[in-house]
Amino acid sequence: MRRAMLWDTALGFLGFFSVLAVIQAIINLFQDSPAIWPGLVAGVLCLLTYLTWRAKRKDLS
């Protein structure tokens, strides 16, 4: 139970900031001179969220 809660906490943290980063990357696209870093940050956070989700499934199964 505790182990699952720790995984859920990590996923919640990463998921929340991934959503914010994706929103920021989309808003950035509509700027006069868009930067590349918001998209890179969003991609890295989404990748970390996915890898954490896979690790949770492997750990708890």
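The values are calculated or read from the model by the stated rules, or taken from the named source; none is laboratory data. This structure is a prediction, so every number in the text was calculated from the model and none was measured. Methodologically, a virtual Cβ is constructed for each residue, glycine included, from the backbone with ideal geometry; neighbour enumeration extends over all protein chains shown.
Worth a mention:
- Residue-level analysis places Phe16 outside the set of residues that are loosely packed, with under 12 Cβ neighbours inside 10 Å, hydrophobic (A, V, I, L, M, F, W, C) and modelled with pLDDT of 95 or more.
- Residue satisfying all of: in segment 27-61; farther than 15 Å from Thr9 by Cα and polar (S, T, N, Q); surrounded by the most Cβ atoms within 10 Å (Cβ to Cβ) among these: Asn28
- Filter pass, Leu40 being touching a Ser or Thr at 6+ places or on another chain (Cβ under 9 Å) and assigned to a helix (DSSP H, G or I): no
- Cβ-Cβ under 6 Å pairs, at least 6 apart or on other chains, segment 24-47 side in contact (Cβ under 8 Å) with a residue 24 or more places away in the chain, far side surrounded by 11 or more Cβ atoms within 10 Å (Cβ to Cβ) and part of a helix (DSSP H, G or I): Ala42/Ala21; Ala42/Val22; Ala42/Ala25; Leu45/Phe17; Leu45/Ser18; Leu45/Ala21; Cys46/Ser18
- Residue within segment 9-16 that is part of a helix (DSSP H, G or I), touching a residue at least 40 places away in the same chain (Cβ under 8 Å) and in contact with an Asp or Glu (Cβ under 9 Å, 6 or more places away or on another chain) present: no
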